[in-house]
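Student: Have a look at the structure that comes next, please.
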Amino acid sequence: MIKSKLEKELKPWLSGAERVVIVGIGNPIRMDDYVGVKIVQHLQGKVSEKVYLIECETVPESYIHEIVNFNPTHILIVDAALLNAKPGEAKLFSPNVLENFPAFSTHILPLRVFCDYLAGTTGAKIALLLIQPKNTDFGEGLSPEVEVSAEEVSKTLLAVLP
């Protein structure tokens, strides 16, 4: 279910992609919050040279220079977020959704500022791939639902990336 809907959303968004940056965001000690980084880890060694993978953890702003230097046409930010959905459910959003949901993320990050800066600096198309967490308590490891979702999202990304 996740794969077909997500694939239908990602394919048109990736249309014309020449260089794609995938930014994995998450806190390694907040369980499901780490899903963005886990997805990037699943993709390591499996993508083409047209895809640049970054494990940002909780400081995506520290990687702006690397992102800009790759000269991407597309930037996909993968993160856990409170979507009022089933645990593990993944959805693709435009960064402008952050204007309406100030507490969208499960951690405090200047994602809107990050997205605005990257859009202005790179001219790249930017999207947020957000996954509903089940548990963001202190601890390590993803919940079973979110682990399955991370694997499905990774497979979907591999199927649609240049």
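Student: Please go through the stretch 114-130 and pick out each residue that is more than 29 Å from SER149 (Cα to Cα) and not small (Gly, Ala, Ser).
Tutor: If the condition is that a residue be more than 29 Å from SER149 (Cα to Cα) and not small (Gly, Ala, Ser), then TYR117, THR121, THR122 are the ones that fit.
Student: Still on this model: Would you point out the residue of the stretch 58-90, among those that are among the β-branched types (Val, Ile, Thr) and outside any loop (DSSP other than H, G, I, E, B), that is nearest to LEU14 (Cα to Cα)? Explain how you work it out, then say what you get.
Tutor: Taking the stretch 58-90 first, the residues among the β-branched types (Val, Ile, Thr) are 58-59, 64, 67-68, 73, 75, 77-78.
Applying the additional criterion that residues be outside any loop (DSSP other than H, G, I, E, B) yields 64, 67-68, 75, 77-78.
Working: ILE64: 21, ILE67: 17, VAL68: 18, ILE75: 10, ILE77: 13, VAL78: 15 Å.
Out of the qualifying residues, it is ILE75.
Student: Keeping to the stretch 7-29, report how many residues are free of Cβ contacts under 8 Å to residues at least 12 places away in the same chain and under 28 Å from SER143 (Cβ atoms). Talk me through it step by step, then tell me what you get.
Tutor: So in the stretch 7-29, the residues free of Cβ contacts under 8 Å to residues at least 12 places away in the same chain come out as 8, 12, 15.
Keeping just the survivors that are under 28 Å from SER143 (Cβ atoms) gives 8.
Qualifying residue count for the region: 1.
Student: Then there is this: For the stretch 117-145, what are the residues that are among the β-branched types (Val, Ile, Thr) and within 14 Å of the chain's Cα centre (by Cα)?
Tutor: ILE126, ILE131, listed by residue number.
Student: Being over 12 Å from the mean Cα position of the chain (by Cα) and within 19 Å of THR122 (Cα to Cα) is the filter here; which residues of the stretch 23-58 pass it?
Tutor: Listed by number, the residues that qualify are GLU49, LYS50, VAL51, TYR52.
Student: Which pairs have Cβ atoms under 8 Å, sit 6 or more apart or on different chains, and link a residue in the stretch 88-104 that is at pLDDT below 90 to one that is part of a loop (DSSP other than H, G, I, E, B) and surrounded by fewer than 18 Cβ atoms within 10 Å (Cβ to Cβ)?
Tutor: ALA103/LEU82; PHE104/LEU82
Student: If I ask for residues that are among the β-branched types (Val, Ile, Thr), in contact (Cβ under 8 Å) with a residue 60 or more places away in the chain and under 22 Å from ARG19 (Cβ atoms), which ones from the stretch 125-162 would you list?
Tutor: Scanning the stretch 125-162 gives VAL153, THR156, VAL160.
Student: Looking at the stretch 109-162 only, could you name the residues that are touching a helix residue (DSSP H, G or I) at 6+ places or on another chain (Cβ under 9 Å), part of a helix (DSSP H, G or I), closer than 20 Å to ARG30 by Cα and not hydrophobic (A, V, I, L, M, F, W, C)?
Tutor: GLU145, GLU147, SER149, GLU151
Student: Counting only residues that are small (Gly, Ala, Ser) and not in a helix (DSSP H, G or I), which one in the stretch 3-19 is nearest to LEU118 (Cα to Cα)?
Tutor: Checked the stretch 3-19; the qualifying residue nearest to LEU118 (Cα to Cα) is ALA17.
Student: Give the stretch 20-57 a look and list any residue that's part of a loop (DSSP other than H, G, I, E, B) and surrounded by fewer than 18 Cβ atoms within 10 Å (Cβ to Cβ), or say none.
Tutor: PRO28, ILE29, GLN44, GLY45, LYS46, VAL47, SER48, GLU49, LYS50
Student: Given the criteria at pLDDT 95 or above and over 20 Å from PRO162 (Cα atoms), does LYS46 qualify?
Tutor: no
The values are calculated or read from the model by the stated rules, or taken from the named source; none is laboratory data. Note that the structure is predicted; figures quoted are calculated from it, not measured. We place every Cβ from the backbone using ideal geometry, glycine too, and count neighbours over all the protein chains shown.
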